[in-house]
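What follows is calculated from the coordinates using simple rules that are stated; it is not laboratory data. This one's a predicted model, so the numbers in the text were calculated from it and none came from an experiment. Because the Cβ atoms are built from the backbone with ideal geometry, glycine has one as well, and the counts that use them run over all protein chains shown.
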């Protein structure tokens, strides 16, 4: 299972100041996304996840200059989420240096938009879903009833989606549910948020999840990156 560092972008900077030498008192803290990304790539990261917080609020990518700075600094695939809601935003993300994108959950009720997005991004596209029961139920569905997560994943697979990012915020992921999704569907499943320790990482590994996206837990020092990689192996 991959352990994917995540950097939240706001105003061109990281929302969380990262100090790689905090435990030893050496080095200097930084909120420069390209420097943070470079640190984790040097530690072995094969993918960097970027979240455009400003873009998520506006519905359009906003921190493209920061994405470009990261792309210029590391020769590693970059996955952008936030403000990516269709083919036009995907083109902007790719032009800035992103190589993968995560579409907002709103696309699940826009089949034509999803089709066009897949035509642009192909296998480099994932759909972001929030599986937390209260969030899932509160989504503004346009259909007669609320689908189950399993039904929605199956529907999206039928439309050509093969990669999913499930965001959990501060809620612990349901490893049993994720394991069933992995077993029942031929998909790449990534989990973002909700993991606070190495035991949680190991549970997702055992469930068959393809990757875990860690942001604040890594940047705050709550979880050590190399220890996380060992727990995911």
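A few notes on this one:
- Going by neighbour counts of Cβ atoms within 10 Å, the residues 49, 168 line up, fewest first, as 168, 49.
- Neighbour counting of Cβ atoms within 10 Å sorts the residues 216, 34, fewest neighbours leading, into 216, 34.
- Note on residue 35 and residue 143: the model spin-label points, each 7 Å out from Cα along the C-beta direction, lie 4.7 nm apart.
- Principal-axis analysis of the Cα atoms of the chain puts helix 33-42 at an angle of about 80° to the longest axis.
- Counting neighbouring beta carbons within 10 Å and listing from fewest to most, the residues 94, 40 come out as 94, 40.
- Residues residue 171 and residue 57, FRET efficiency given R0 of 30 Å [Cβ-Cβ distance, rounded to 0.05]: 0.90
- Residue 43-residue 88 FRET efficiency (beta carbon distance; Förster radius 45 Å; 0.05 resolution): 0.85
- Here the simple spin-label model places points 7 Å from the Cα toward Cβ, and for residue 134 and residue 188 these points are separated by 3.3 nm.
- Per residue of the chain, the DSSP helices (runs of n ≥ 4 H) give a summed -39500 (n - 2.57) that works out to -11500 deg cm²/dmol at 222 nm.
- The calculated FRET efficiency for the pair residue 109 and residue 216, based on their C-beta separation and a Förster distance of 25 Å, comes to about 0.25.
- Length released on extending from residue 19 to residue 159, taking residue separation times 0.36 nm less the Cα-Cα span: 46.1 nm
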